[in-house]
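Enquirer: Handing you a structure now.
The values are calculated or read from the model by the stated rules, or taken from the named source; none is laboratory data. None of the values given here were measured: they were computed from a predicted structure. Here the Cβ positions follow ideal geometry from the backbone for every residue, glycine too, while neighbour counts run over all protein chains shown. Calculation scope for accessible area: heavy atoms of the full protein, side chains included, ligands and nucleic acids excluded. Shrake-Rupley method; radii C 1.70, N 1.55, O 1.52, S 1.80 Å.
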Amino acid sequence: MANRILYVRLPCNPIFPIGVVYLADHVHKVFPTVEQRIFDLGTVPPLDYASALDACIDEFRPTLLIFSWRDIQIYAPVGGRGGNPLQHTFEFFYARNPLVKLRGALGLLRVAKGYYGELWRNLGLIKRGMKRAKRYNPDVCSVVGGGAVSVFYEQLGKSLPAGTIISVGEGEALLEKLLQGKNFLDERCYIVGQTKPRDRMIHETPTPIEKTACNYDYIEAIWPEFDYYLQAQDFYVGVQTKRGCPHNCCYCIYTVIEGKQVRVNPADEVVAEMRQLYDRGVRNFWFTDAQLIPARKYMDDVVELLQKILDAGMDDIHWAAYIRADNLTPEMCDLMVRTGMNYFEIGITSGSQELVRKMRMGYNLRTVLQNCQDLKAAGFNDLVSVNYSFNVIDETFDTIRQTIAYHRELEHIFGADKVEPAIFFIGLQPHTHLEKYAFDQNILKPGYDPMNITPWTVNKLLWNPEPLGSFFGEVCLQAWRQNPNDFGREVMNILEQRLGRADLEEALSAPIAEPKARELTAVS
Ligand code: B12
Ligand code: SF4
């Protein structure tokens with residue numbers, strides 16, 4: 001049995017490495033004698049990655065290497081690591097001015113360099129770590145997992161050394177079986193060069209585990225750099241309160257990675273975990289659930305959790321989360337405000353009920369508005385980020401006008417300065433309904449490489465199809481020209497100037513199914 005486990009969190013923006021923390025905690029609870037160490041490259045300057053990894057391996061001499069890889073995709077509406085990838089892409093594809101087009105091309109080159117550079121660097125670090133660890137233990141075994149691996153597990157197998165175990169989704173059960181010397185291949189994983197990922201493996205139900213409060217005394221003891229995340233006062237430390245999302249939104253892979261079965265962690269355990277962080281000075285928490293309140297039946301669990309946070313005396317904290325805002329009651333809103341919620345993201349995607357239904361998102365925009373009013377009435381006076389992804393399916397000028405009407409209503413409720421429109425274009429991900437739709441519409445061919453970011457692939461993966469693609473391209477370019485620091489609001493203003501605004505009532509009512517809607521519904 002492996003008895004010295006090194007967790008290497010691959011380089012990442014400083015986001016608390018909650019994944020490896022939970023894995024190490026779980027392994028410790030099941031195998032208290034196993035020696036473990038957490039090494040987080042997120043806290044190391046880039047020039048030192050290789051030498052710091054070498055030094056850690058030389059000192060710890062692991063028999064099992066766990067590599068955790070958080071993110072690969074870089075498309076975001078904000079400045080990314082190689083500048084603003086969305087802006088460069090749009091300049092390249094949609095700018096009329098040749099100089100702007102050229103600037104876009106150069107920007108894209110920089111983005112591609114950054115993207116492939118990070119990819120190869122991380123693959124190189126994994127190989128380097130394995131080679132180094134073999135000096136001390138020739139039988140050392142390596143497992144690679146984490147958010148990025150869950151999305152791109154099929155592609156990554158082509159670049160990792162034979163014998164590497166590639167894992168999808170949560171890793172607790174796999175590690176448990178591996179350490180017990182049991183057959184682990186029934187978990188969502190495969191071994192490079194030996195087994196192939198099963199067809200639709202990511203859709204298999206994760207093995208449920210009972211989650212108890214993470215033991216931070218232990219984590220502190222095996223993670224010398226833990227303090228790094230405690231020093232910044234405004235840092236949000238991750239706490240997971242449940243796993244799984246029962247919904248079916250057409251572009252989303254969370255519901256597949258975590259599974260549709262929602263598994264709620266006992267409120268007492270979540271509070272006990274937060275309390276340990278609180279006692280170490282943490283005041284900002286991010287509930288890392290795919291959705292904090294995934295459906296009506298989980299409302300009571302959230303009320304219980306928030307009440308217990310208050311009962312525990314943690315009355316000076318702040319917290320943030322992804323919240324669908326369709327399952328709130330005035331009582332819950334009151335608790336949310338009293339427990340310190342100071343930021344939330346609602347991914348409504350569109351302000352048109354008709355499109356929300358076509359994208360299979362399963363909520364009622366009227367209810368969302370009502371719940372937002374309740375939140376405001378309860379005293380919520382902080383920032384809401386509203387994620388809009390234009391042009392996903394069947395967008396028209398009418399549905400854009402409806403989205404504007406809806407957005408203005410949210411501004412009316414919370415105050416225009418409090419509602420931040422985050423304008424995304426969906427980055428098409430494998431194993432989603434939207435991918436299947438793209439196959440059916442001959443936009444993509446099965447076997448395409450979702451990790452390829454050559455312009456002709458990006459053009460399809462960064463979902464902005466014609467006939468409205470060029471229109472949105474032009475609007476976004478105008479927004480970056482006019483007001484790059486307030487891009488989202490500028491896009492909304494330009495759209496309203498050009499197209500006008502629908503009646504709110506029109507946005508909130510959806511006519512009954514049309515043929516196009518059925519095309520996507522038939523995809524599952
Ligand atoms: C919450 C969240 C956020 C929050 C994080 C808040 C915080 N302070 O923690 C916010 C909103 C800030 C955020 C931002 C981003 N996110 Co995010 N986020 C998530 C989400 C929903 C949950 C992540 C999480 O913490 N889960 C809870 C922990 C416990 O799980 P975990 O870390 O995944 O670890 C488990 C497993 O992965 C596994 N595991 C982990 N490592 C290993 C290693 C081995 C060997 C094994 C066996 C298992 C294993 O076991 C762990 C325990 O069960 C996921 C989607 C999802 N449902 O997973 C996306 C996700 C991680 N994000 C993603 C991305 C891309 C981003 C952004 C880069 C988006 C952007 N373009 O701006 C940004 C920026 C992040 C950065 N590095 O700068 C992607 C990453 C994959 C990819 N596409 O490249 C994901 C997977 C979403 C997606 N489908 O695309 N995110
Ligand atoms: S509700 Fe959110 S997490 Fe769940 S499937 Fe939809 S987009 Fe994904």
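Enquirer: Principal axes first, then extents: for the Cα atoms of segment 117-219, list largest minus smallest coordinate on each axis, whole Å, largest first.
Expert: For segment 117-219, the Cα extents along the three principal axes come out at 38, 36, 29 Å.
Enquirer: Stretch Gln482-Arg366 to full length: gain in nm at 0.36 nm per residue minus the Cα-Cα span?
Expert: Once the chain is fully extended between Gln482 and Arg366, it gains 38.5 nm.
Enquirer: Could you check how much of the accessible area of the chain is carbon and sulfur, as a whole percent, using a 1.4 Å probe?
Expert: 52 percent
Enquirer: With the Cα gyration tensor of segment 50-202 in hand, give its eigenvalues times 5 under a square root as the equivalent ellipsoid semi-axes, listed largest first in whole angstrom.
Expert: Equivalent-ellipsoid dimensions as semi-axes: 36, 19, 12 Å.
Enquirer: Work the Kirkwood hydrodynamic radius out for segment 376-524: mean of 1/r over every pair of different alpha-carbon atoms, inverted, in Å.
Expert: Hydrodynamic radius (Kirkwood, Cα pairs) of segment 376-524 is 17.1 Å.
Enquirer: Shifting gears a bit: Using a 1.4 Å probe, how large is the accessible area of His28, given in Å² and rounded to the nearest 10?
Expert: Using a 1.4 Å probe on the heavy atoms, I get roughly 40 Å².
Enquirer: For segment 1-60, list log₁₀ I(q)/I(0) at each q in 0.13, 0.26 Å⁻¹, using the Debye formula over Cα point scatterers of equal strength and ignoring solvent, two decimals each.
Expert: -0.37, -1.09
Enquirer: If you project the alpha carbons of segment 378-425 onto the principal axes, what extent comes out on each, in Å, largest first?
Expert: Cα spread of segment 378-425 along its principal axes, largest to smallest: 37, 18, 16 Å.
Enquirer: Something else about it: Only bridges whose two residues both fall in the chain count here: according to DSSP, what percent of them are antiparallel, nearest 5?
Expert: Here the antiparallel bridges make up roughly 15 percent for the chain.
Enquirer: Run the paramagnetic zone check for Arg135: 7 angstrom along Cα to Cβ, then residues of segment 33-55 with backbone nitrogen under 13 Å.
Expert: 51-55
Enquirer: For Asp398 paired with Arg103, estimate the spin-label separation in nm (one decimal), with each label point 7 Å from Cα along the Cα-to-Cβ line.
Expert: Going from the Asp398 label point to the Arg103 one covers 3.8 nm.
Enquirer: While we're on this one: Using packing as a proxy for protection, rank 361-369, 344-352, 203-211 so that the peptide with the highest average count of other Cβ atoms within 10 Å comes first.
Expert: Top to bottom by mean Cβ count within 10 Å: 344-352, 361-369, 203-211.
Enquirer: Among Ala290, Leu310, Tyr363, pick out the residue whose Cα is farthest towards the positive end of the charge dipole of segment 271-381, where Lys and Arg carry +1 and Asp and Glu carry -1 on C-beta, about the Cα centre.
Expert: Sorting the options by dipole projection puts first Tyr363.
Enquirer: Per DSSP H run of n ≥ 4, the term is -39500 (n - 2.57); total these for the chain, divide by its residue number, and report the mean residue ellipticity at 222 nm rounded to 500 deg cm²/dmol.
Expert: It comes out at -13500 deg cm²/dmol, rounded to the nearest 500.
Enquirer: Might you list the cysteines of the chain that have no disulfide-compatible partner by the rule of another cysteine's Cβ under 4.7 Å?
Expert: For the chain, the answer is Cys12, Cys56, Cys141, Cys189, Cys214, Cys245, Cys250, Cys333, Cys372, Cys476, because their Cβ atoms have no other cysteine Cβ under 4.7 Å.
Enquirer: Another question, if that's okay. Output the Cα-based Rg and Dmax of the chain in Å, rounding Rg to one decimal and Dmax to a whole number.
Expert: Radius of gyration, then largest Cα-Cα span, for the chain: 23.3, 70 Å.
Enquirer: On average, how much accessible surface per residue is there in the chain, in Å², for a 1.4 Å probe, leaving out ligands, DNA and RNA?
Expert: Per-residue value: 42 Å².
Enquirer: Name the helices (complete DSSP H segments) of the chain with a Cα length along the long axis of 30 Å or more and a Kyte-Doolittle mean of at least 1.0, or state none.
Expert: none
Enquirer: Hey, another quick one. Take the alpha carbon gyration tensor of segment 144-288, find the square roots of its eigenvalues, order them as a ≥ b ≥ c, and report rounded if a/c is under 1.5; if not, report prolate when a/b exceeds b/c, else oblate.
Expert: Because a/c hits 1.5 or more and a/b exceeds b/c, segment 144-288 counts as prolate.
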